[in-house]
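Inspection log for the structure reproduced underneath, given as structure tokens.
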Amino acid sequence: MVKSVYHELTSLCNCRCKVCNVWTVGGKGDLSQEQLTKLYTNESFKDVEDYCISGGEPTCRPDLFSVTESALDNLNKVRLLFLTTNGTNPNKAEEFLKRFKKGLELCCVSISLDGDRETHKYLRGADIYDSALETAKACARLQDKNAEVTFSMTLSNDNWNLEQLSHVLSLSKELGVGFTFRPRLHNPYFGGHFNSQLDAIPKEKRIEVARFIRDYMGTSKFMKIEAEYLENGRIPIMGSRAEGIKCSAGLTSVFINSFGDIYPCMNSANKIGDYRQGITNKTPIVGETEPCPCCSECQVYPTMIFGGRK
Ligand SMILES: C[S@@+](CC[C@H](N)C(=O)[O-])C[C@H]1O[C@@H](n2cnc3c(N)ncnc32)[C@H](O)[C@@H]1O
Ligand code: SF4
Ligand code: SF4
């Protein structure tokens, strides 16, 4: 039973990030409310508890609130709701958190920040450092036991260093919000080809970041896993191809792209269904038929929360 959905609600985006090509699709093929209702009401999704709205930039969708309301009405077991945003629409992100934290176990707004002002501007192709901070401050005021705010950083060659990591970590402490990061993935979702995202990163740079995690962020479960990944190239709870995959991608969690096509995870090119029919194909085990280069929260957390493949 699918418990966790990571949904690319739109491919619209107002940034031009170096590590992501989603913006080139420009909203073409985004599902209408009617098509989304078809998706949400499919039997395959009746047990979803964890729903992550991503994109593209979800706040670029004019109907973000009504679409989310409809998702929650239909996916009525959802208790964990996430919004990922580049922070270019502070009012909308704040309103999202205000509206949807009510009645949920947790509503979380995750704001991308890839380093200091200049680094963020370079990597995002837009001068949006101030609006990301404004979004974090506005949302931070709403934090309580049902509402969380997090800075989210993607590490690539241009910001893979302790200076940029420390900058975002310090800001997160100053504003009282969370902080998470992951290495850049190379996959079709982000407009690349399958590849291990660690291939281009020298071993000493990986070890340096693993040490940073152990020194400053060791209490986060995901970060502990990531440190091990950076050191050994394998993810403890996900297993490895040699050991047999334990990851639950395609069983308890799926990725849905902006066209409504369903995949076991964002690193897979094996389509297993679509918004019209739900999950129709027998789920292949990613890693047996295609590379399995994972280490991102949206893929690791579902296995942590809902368990892995037996
Ligand atoms: C695709 S974005 C969508 C939401 C929003 N537009 C944003 O940038 O936060 C979701 C997250 O994926 C991250 N991301 C983008 N390209 C990536 C890549 N190639 N590998 C891993 N994460 C990536 C972004 O930095 C962001 O934190
Ligand atoms: S990472 Fe987010 S902000 Fe950047 S291009 Fe991709 S979708 Fe847009
Ligand atoms: S790449 Fe996909 S199948 Fe492999 S561990 Fe990551 S989420 Fe699981």
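The values are calculated or read from the model by the stated rules, or taken from the named source; none is laboratory data. Because the structure is a prediction, the values reported are computed rather than measured. Methodologically, a virtual Cβ is constructed for each residue, glycine included, from the backbone with ideal geometry; neighbour enumeration extends over all protein chains shown.
Condition check: outside any strand (DSSP E or B) and more than 16 Å from ligand 3 (Cβ to nearest atom). Does GLU94 satisfy that?
Numbers: outside any strand (DSSP E or B): yes; more than 16 Å from ligand 3 (Cβ to nearest atom): yes.
Considered against the rule, which asks whether it is outside any strand (DSSP E or B) and more than 16 Å from ligand 3 (Cβ to nearest atom), GLU94 comes out as yes.
Acidic (Asp, Glu) and touching a strand residue (DSSP E or B) at 6+ places or on another chain (Cβ under 8 Å): which single residue out of GLU8, GLU95, GLU34 fits that description?
Numbers: GLU95 fails: touching a strand residue (DSSP E or B) at 6+ places or on another chain (Cβ under 8 Å); GLU34 fails: touching a strand residue (DSSP E or B) at 6+ places or on another chain (Cβ under 8 Å).
Answer to the selection: GLU8.
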Inset, instruction - Keeping to the range 139-183, report how many residues are of a type in the set (Ser, Thr, Tyr), within 12 Å of ligand 1 (Cβ to nearest atom) and either within 16 Å of GLU94 (Cβ to Cβ) or over 21 Å from the mean Cα position of the chain (by Cα) (or both). - result: 1
Inset, instruction - Restrict the check to the range 11-24 and report whether at least one residue is closer than 19 Å to PHE255 by Cα, within 11 Å of ligand 1 (Cβ to nearest atom), surrounded by 20 or more Cβ atoms within 10 Å (Cβ to Cβ) and of a type in the set (Gly, Ala, Ser). - result: yes
Inset, instruction - Look at the range 134-170 and say how many of its residues are out of contact with any Leu (no Cβ under 7 Å at 6 or more places or on another chain), aliphatic (A, V, I, L, M) and either under 14 Å from VAL109 (Cα atoms) or surrounded by 16 or more Cβ atoms within 10 Å (Cβ to Cβ) (or both). - result: 5
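Which residue is farthest from ALA147 (Cα to Cα), if the candidates are limited to the range 76-128 and must be of a type in the set (Val, Ile, Thr) and out of contact with any Ser or Thr (no Cβ under 7 Å at 6 or more places or on another chain)? Reasoning before the result, please.
At the first step, the residues of the range 76-128 found to be of a type in the set (Val, Ile, Thr) are 78, 84-85, 88, 109, 111, 119, 128.
Filter once more, so that each one left must be out of contact with any Ser or Thr (no Cβ under 7 Å at 6 or more places or on another chain): 78, 119.
Values: VAL78: 15, THR119: 29 Å.
Out of the qualifying residues, it is THR119.
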Legend entry - Which listed residue, of LEU39, LEU31, is more than 16 Å from ligand 2 (Cβ to nearest atom) and part of a helix (DSSP H, G or I): LEU39
Inset, instruction - Scan the range 216-227 residue by residue and report those that are surrounded by fewer than 18 Cβ atoms within 10 Å (Cβ to Cβ) and farther than 12 Å from MET304 by Cβ. - result: TYR216, GLY218, THR219
Legend entry - Residue that is touching a Cys at 6+ places or on another chain (Cβ under 7 Å), among the β-branched types (Val, Ile, Thr) and at pLDDT 95 or above, where the choices are VAL109, VAL168: VAL109
Inset, instruction - Tell me which residues, restricted to the range 1-24, are more than 10 Å from ligand 2 (Cβ to nearest atom) and either free of Cβ contacts under 8 Å to residues at least 12 places away in the same chain or assigned to a loop (DSSP other than H, G, I, E, B) (or both). - result: MET1, VAL2, LYS3
Inset, instruction - Just one of (1) over 22 Å from LEU123 (Cβ atoms); (2) crowded, with 20+ Cβ neighbours inside 10 Å trips up ASN42, so point out which. - result: (2)
Inset, instruction - Quickly run through the range 61-77 and pick out the residues that are surrounded by fewer than 20 Cβ atoms within 10 Å (Cβ to Cβ) and not in a helix (DSSP H, G or I). - result: PRO62, ASP63, ASN76, LYS77
Inset, instruction - Out of the residues in the range 274-295 that are out of contact with any helix residue (DSSP H, G or I) (no Cβ under 7 Å at 6 or more places or on another chain) and at pLDDT 95 or above, state the one that is surrounded by the fewest Cβ atoms within 10 Å (Cβ to Cβ). - result: GLN277
